[in-house]
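Working notes for the structure below.
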Amino acid sequence: METLNSSFLPKQTIPSFKIHQKLNQKLKIITANSCFTTSHPKKNPETLKSPPTKKRRNQSFLATIFNNLDHLICTFLDPPLRPAIDPNHVLSGSLAPVSELPPTPCTVTEGSLPPCLDGAYIRNGPNPHFTPKSRPYHFLDGDGMLHVIKISQGKPPTFCCRYVSTHKHAAERDAGYPFVPSVFSSFTCTAASTARAALLAARVISGQLDPANCGFGAANTSLALISGRLFALCESDLPYAVELTAEGDLKTLGRHGFGSAADDPFSTMTAHPKIDPITGEAFAFAYNIAPPFLTFFRIDSGGRKRTNVPIFSMESFSCAHDFAVTANYAVFFDIQITANPWWILRGRPPMGADTAKVARLGIIPRYAEDEKDMRWIEAPELNVLHCVNAWEEDDDAAAITMVVSNATSVENVLERIDLAELKMEKITVNLETATLERRQLSKKPLDFAVINPAYAAKENRYVYAVILGKQTGIGVVKLDLSMEGGEECTVASRLYGPGCYGGEPFFVARDPENSAAEEDDGYLVTYVHDENAQESKFLVMDAKSSTLDIVAAVKLPQRVPGGFHGLFLSELELHKIRMASS
C-alpha cells in the first residue's frame, strides 16, 4: 500500500515549527472530544519502542487531520441519527462489541460433549474495533470477528475470538479512527454524504486506503471451506483466508482472489458460495452497482476461478444476498432491495427497498458460459434473504424446489430485521410452464436456517431455523417438509428463555461416516447469551428430540455478541486446512 508522505500537503501549510506545534495542540483538544472510543486502548509495546520516523510523523499528522474532519462532519452535518444507525441504540445489550481473546480454557457446566464434536465450531459476525459515540453505525458495518470453540476429547474446550485482519481493519487501526464509509449508515443527508465522499477520496489519494488492490470489506458475514481452505467472507470484498492453529488460535492469511484478482482489482464475491460435495467445485456470484449488475462464476476443485458469466439481463442493481445451486442449475433472486446513488442527492441512503419493483427469479445452467439460456420468472413480493437448500424434483430436471426465508415486509429489512416479517417458504419452480408454487412453512418469524450438510442440493426433510426476536434469535425450531397442508410444519422447538439470545445453529451428524443414518440423527450447536446472568454459553442440542433437549453446555469466558453464520469443522478437516496453508 502506498504510504502517506508530506507531498500530499503544500509545504506552505506548515511555515514553522511553532505553528505546527500549535496546530497539533488544537488537534489534541478536538481529538479528546472525538466521536468514538476503542476497546483496545493499550498500544503494542514493540511499536512504542520504535523511534518515530519522518514518514510516520507525516502519516500520523495527515491521519489526525482526516479524523478530525470526519468528526466535524459527524458533529455539524449529520442530522439526528435514526435508531437503525445510532450506535447508542445498535450497540447495546447483547450486541455490544467485545475485545479479542486468546485461546482460553472453558468449563462444561451441563452434560457432556459428544465424541463427534472433536473439532471446532467457528462463527462470524460484526464487531467494531472502535466503538462509535455519535458516528453513524449500522449493525452490518462492524469488523469481522471470528468466535471459535475448539473441542478435543479428553481436554477442556478452549474459546478464542479474533478479528479478521482485513485491509479495512488494518487501515482504521493504524489511523486510530473508523473511517471507511458504509452504504448502510454513512449517507445521512446530502451535505454529510458529499463531505464524506470528498474525505474518502483524500484518504485514497494519500494512500491511507487502497481499495483497488486491497479491498475495503469487513469479512464479517460467513465462513466457507473452498478447495481445502477456510475463508471469511462478506459480499463487498473478496474472501480472506483464515486458519485455526493446533492450539485453537485464529490467524488471517490474507485476501484471496482465486487467481483472478489481477484481472479485476475491484472483484467481490458473495458471502454464500455453494459447494458441491461431490465435485469439490464452489459456485459464486458478484454484484455491482453498474452493468453487468450480476456476474456468475465457479471455482474449480483446485481453487482456480473460471471464466466470469456476466448477466446483462439483470436490469438494475439488486442486493441479492444469497442464491441457489442444484445439480444442473443456478437460481438468482432479483429482489426489491436495491441501490440508487441518486438517492443520496435526495438526502436518503443509497440502499433501500423499491416496493414498485417486481421481484424475479433467474435460472441459468450451472455450467453456462454465457447468459443466452438465462430465464427470468416474475415472483411478486418474493424477497429472498437466505436460501436453505435447493434440489431438482425429478430425473428430467423439470422442476426445482427451494426452501428460503422471505422478507414479507421488505422495507424493514435494513431498519429492524424483527419487523421484516421473515417467513420460511418452500417454492417449487415448474421449468416447463415458468410458474411458481409457494407454501409457507410456519407462521413464526424465521431465518438463519440450516440443514444436515450431507443433504446439500438433495431433497431433504428437516430444516432448523432461528425464531427471530427484537435483537436476535430467541429460540430455534425444527421443520418437517414432509408434512402436507397447513402453514405450520414445526415438529420441535426450544425457546432460550427471558433475556437469552442465540444465533444460527449448525447441524453436526452423530456419525458422519454412516451413510444409513437418519437425516436428523445429530446435534445442533450454537452460541447463546444470557443478559440476566451476563454470561454466554455454547449449547449442544439433540436434533432428534421433540424439545431439542440440551445435551451439553459450555460456559464461555467472554460474552459472544450477536452475529451471522458459522460452521463446524472436524479435527481432520482442520488438519487438512493447516497443511494446505503451510
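Computed over the chain, the range of Cα coordinates on each principal axis works out to 80, 57, 45 Å, biggest value leading. Amide H contacts under 5 Å for Ala492: Lys478, restricted to partners 5 or more places along the chain or on a different chain, H placed in the peptide plane at 1.01 Å from N.
Does segment 311-456 come out rounded, prolate or oblate, given a ≥ b ≥ c as the square roots of the eigenvalues of its C-alpha gyration tensor, rounded meaning a/c under 1.5 and, failing that, prolate meaning a/b above b/c? Because a/c hits 1.5 or more and a/b fails to exceed b/c, segment 311-456 counts as oblate.
Where a ≥ b ≥ c are the square roots of the eigenvalues of the C-alpha gyration tensor, would you call segment 80-189 rounded, which needs a/c under 1.5, or, failing that, prolate if a/b is larger than b/c, or oblate? Prolate. Label sites at Lys155 and Lys458, each approximated as a point 7 angstrom past Cα along Cα to Cβ, lie 3.3 nm apart. Taking a span of 20 Å or more along the helix axis (Cα atoms) and a mean Kyte-Doolittle hydropathy of at least 0.5 as the rule, the DSSP H helices of the chain that qualify are 190-206. Please report the carbon-and-sulfur percent of the accessible area for segment 60-218; probe 1.4 Å, protein heavy atoms only, DNA, RNA and ligands left out. C and S atoms contribute 62 percent here. With all protein chains in place and a 1.4 Å probe, the accessible surface of segment 262-331 carries 54 percent carbon and sulfur. Pairs of Cα atoms nearer than 8 Å and 6+ residues apart set the relative contact order; for segment 424-582 it is 16 percent. Within segment 446-582, the proportion of Cα pairs with more than 21 Å between them is 45 percent. On a per residue basis, segment 121-279 carries 31 Å² of accessible surface, using protein heavy atoms and a 1.4 Å probe. Checking the a/c ratio against 1.5 first, then a/b against b/c, what shape does the Cα gyration tensor give for segment 149-238? Taking the square roots of the gyration eigenvalues as a ≥ b ≥ c, segment 149-238 is prolate.
Could you give me the ³J(HN,Hα) list for segment 492-497, computed from phi with Karplus coefficients 6.51, -1.76, 1.60 and θ = phi - 60°, whole Hz, x at Gly and Pro? With coefficients 6.51, -1.76 and 1.60, one gets 7, 7, 8, 9, 7, x Hz. When the helices of the chain are scored as -39500 (n - 2.57) per DSSP H run of n ≥ 4 and the total is divided over every residue, the value at 222 nm lands at -4500 deg cm²/dmol.
Label separation (Arg578 vs Asp394): 5.1 nm, computed from points 7 Å beyond Cα along the C-beta direction.
Taking amide H positions as modeled 1.01 Å from N, with prolines and chain starts lacking one, the residues under 5 Å from Gly469 and 5 or more places away or on another chain are Ile474.
The phi torsions of segment 550-565, fed into the Karplus equation with coefficients 6.51, -1.76 and 1.60 and a -60° offset, translate into couplings of 6, 8, 7, 9, 10, 6, 9, x, 8, 5, 9, x, x, x, 10, 10 Hz, rounded to whole numbers, with Gly and Pro shown as x.
Summing +1 for each Lys or Arg and -1 for each Asp or Glu among the other residues whose beta-carbon sits under 10 angstrom from that of Val463 gives +2. 3J(HN,Hα) along segment 289-305: 7, 10, x, x, 5, 9, 10, 9, 7, 10, 10, 6, 5, x, x, 10, 6 Hz, from the Karplus curve 6.51 cos²θ - 1.76 cosθ + 1.60 with θ = phi - 60°, whole Hz, x for Gly and Pro. In this calculation the C-beta distance from Ser92 to Asp511 is compared with R0 = 60 Å, giving a FRET efficiency of 0.90. Working note: Cα atoms of segment 405-460, range along each principal axis, descending, whole Å: 37, 31, 19. For segment 343-422, the share of accessible area belonging to carbon and sulfur comes to 46 percent (1.4 Å probe, ligands and nucleic acids excluded). Summarising the amide proton neighbourhood of Asn389: residues at separation of 5 or more, or on other chains, whose placed amide H is nearer than 5 Å comprise Val403. Were the residues from Arg304 through Asp418 laid out at 0.36 nm apart, the gain over their Cα-Cα distance would be 37.1 nm.
Rounded to whole Å, the principal axis extents of the Cα atoms in segment 97-136 read 47, 18, 17, largest first. Averaging the sequence gap over all C-alpha pairs within less than 8 Å and six or more residues apart, then dividing by the number of residues, gives the chain a relative contact order of 12 percent. Normalised per residue, the accessible area of segment 418-487 is 43 Å², obtained with a 1.4 Å probe and no contribution from ligands, DNA or RNA.
The values are calculated or read from the model by the stated rules, or taken from the named source; none is laboratory data. Bear in mind that the values here come from a model prediction, so they are computed numbers and not experimental data. No Cβ is skipped: glycine too gets one built from the backbone with ideal geometry, and neighbour counts run over all protein chains shown. For accessibility, only protein heavy atoms count, side chains too; no ligands or nucleic acids. Shrake-Rupley method; radii C 1.70, N 1.55, O 1.52, S 1.80 Å.
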